[in-house]
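Peer 1: Before I ask anything, let me first share the structure, which is written out below as structure tokens.
Since every read-out is calculated from the coordinates, none of them should be taken as a lab result. Keep in mind that what you see is a predicted model, and the values were worked out from it rather than measured. Please note: Cβ atoms are built from the backbone with ideal geometry, for glycine as well, and neighbour counts cover all protein chains shown.
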Amino acid sequence: MRMEWFKNWFDSPFYHLLYSNRDAIEAQQFIDHLLNHLQPPANSKMLDLACGRGRHATYLAKKGFQITGIDLSPQSIAFAKQEERDNLDFYIADMRETFKANYFDYVWNFFTSFGYFLEKSENLKSVQSISKSLKPKGFVIIDFFNSQYVLDHLVSNEMKRVNGITFLIERSVDQQFIRKKITFDDDGQKKSITERVRLFELEDFQRMFSRSGLHILNTFGDYKLSNFDILNSPRLIIIGQKT
């Protein structure tokens, strides 16, 4: 059986260390912009898909919505469960499998938590599962990178030192994937992991949505919800609706 790279990596303390500098304030402002745009009714049921340690889900719950977070990483979910309350719960689940059919008003997928699977059919299955989880007329929000921008601004080699650990990061493009090889020292033992994310473009999402009973309403190019520009936007943020 093929081992999927993310299953062990997302449970690793080195993963959380490497990405510990993610901007929580920016993430909260991004959510505020989306909520202002979408105007969800009070008590809307929302699914944070691939929620990680639950920072987005926890912030949404503080807004009063009914939030469920799911992720494949047992350690991330164990961490997130410390924040559970009446309107916030977390579960270990695979985004390729439908979670609570026809249940959610909104499904959120933040911070490029999509496109990890080797086969296109598995990514399509994830979109179809999103559609099945949504109520009719429900909304999906996918926060992905802008593939063209990534290719145009690719930094091939980078070194980061975090809490005494040096990470060597090597980026490359291979067969429609952006690959990021991360090498580091673990108590004298050299280790490496290669992240792999498919370079989906807007047209790919349009095809997957149309095959899943979804249609795209809006596209934005950054966390301030500026208009999407294929050459200049760092992000591809999609708002879709179940037909």
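Peer 1: Over the chain, what relative contact order in percent results from Cα pairs under 8 Å that are six or more residues apart? Don't skip to the end; give the middle numbers.
Peer 2: On the way: 464 pairs, mean separation 42.6, N = 243.
Once normalised by length, the contact order is 18 percent.
Peer 1: Let me ask something additional. Between beta-carbons, use under 12 Å as the cut-off and find the net charge around VAL197, counting Lys and Arg +1, Asp and Glu -1.
Peer 2: +3
Peer 1: Would you be so kind as to identify which of ILE70, CYS51, ASN227 lies farthest towards the positive end of the dipole of the chain, taking Lys and Arg as +1 and Asp and Glu as -1 on Cβ and the Cα centre as origin?
Peer 2: ILE70
Peer 1: Note the full-extension length gain between ASN8 and GLU84 as 0.36 nm times their separation in residues minus their Cα-Cα distance, in nm to one decimal.
Peer 2: Here the answer is 24.9 nm.
Peer 1: Can you check what the net charge comes to around GLU158, using other residues whose Cβ is under 12 Å from the Cβ of GLU158 (Lys, Arg +1; Asp, Glu -1)? Present the calculation step by step, with values, prior to reporting the outcome.
Peer 2: Values: positive: LYS160, ARG161, ARG171, LYS180, LYS181; negative: GLU170.
Local net charge: +4.
Peer 1: If each residue's Cβ is checked for other Cβ atoms within 10 Å, how do LYS132, LYS62, LYS224 rank with the fewest at the top?
Peer 2: Exposure proxy ranking, most exposed first: LYS224, LYS62, LYS132.
Peer 1: Suppose R0 equals 30 Å. What FRET efficiency, 1/(1 + (r/R0)^6) with r the Cβ-Cβ distance, do GLN175 and ALA101 give to the nearest 0.05?
Peer 2: After rounding to 0.05, the efficiency reads 0.30.
Peer 1: Same structure, new question: Put +1 on the Cβ of each Lys and Arg and -1 on the Cβ of each Asp and Glu in the chain; which of ASN146, GLN206, ILE169 then has its Cα farthest toward the positive end of the dipole?
Peer 2: Result: GLN206.
Peer 1: Using helices alone, what [θ] at 222 nm do you get for the chain, with -39,500 (n - 2.57) per DSSP H run of 4 or more residues, divided over all residues and rounded to the nearest 500?
Peer 2: Numbers: 8 runs with 70 residues, N = 243.
So the helix-based figure for the chain works out to -8000 deg cm²/dmol.
Peer 1: Next up: Using the crude model of +1 on Lys and Arg Cβ and -1 on Asp and Glu Cβ, and no other charge, please compute the dipole size for the range 82-210 relative to its Cα centre, in debye to 20. Don't jump to the answer; show the numbers that get you there.
Peer 2: Working: 19 positive and 21 negative charges, 54 e Å.
My answer is approximately 260 debye.
Peer 1: A 18 angstrom limit on the alpha carbon distance is what I want to check against. Which of LYS81/LYS137; LYS7/LYS242; LYS7/LYS191 exceed it?
Peer 2: Where the Cα-Cα span goes over 18 Å, the pairs concerned are LYS81/LYS137; LYS7/LYS242.
Peer 1: Another one. Taking neighbour counts of Cβ atoms within 10 Å as a proxy for exposure, in what order, fewest first, do TYR149, TYR106 appear?
Peer 2: Going from sparsest to densest Cβ surroundings: TYR149, TYR106.
Peer 1: Let me ask something else. Once you charge only the Cβ atoms, +1 for Lys and Arg and -1 for Asp and Glu, what is the size of the charge dipole of the chain about its Cα centre, to the nearest 20 debye?
Peer 2: Working: 32 positive and 30 negative charges, 86 e Å.
Charge dipole of the chain: 420 debye, to the nearest 20.
Peer 1: For helix 24-38, what angle does its Cα long axis make with the longest principal axis of the chain, in degrees from 0 to 90 and rounded to 10?
Peer 2: Roughly 30 degrees, rounded to the nearest 10.
Peer 1: Sticking with this structure for a sec: Can you put HIS215, HIS56 in order of Cβ neighbours within 10 angstrom, beginning with the fewest?
Peer 2: With the sparsest Cβ surroundings first, the list reads HIS215, HIS56.
Peer 1: Here's something else I'd like to know. Considering every Cα-Cα pair within the chain, what fraction, in whole percent, is farther apart than 24 Å? Intermediate values should be presented prior to the final figure.
Peer 2: Numbers: 13703 of 29403 pairs.
Considering the chain, 47 percent of its Cα-Cα pairs are separated by more than 24 Å.
Peer 1: Restricting things to alpha carbons, find the Rg to Rh ratio for the range 150-195 using the Kirkwood radius for Rh.
Peer 2: Rg divided by Rh gives 1.04.
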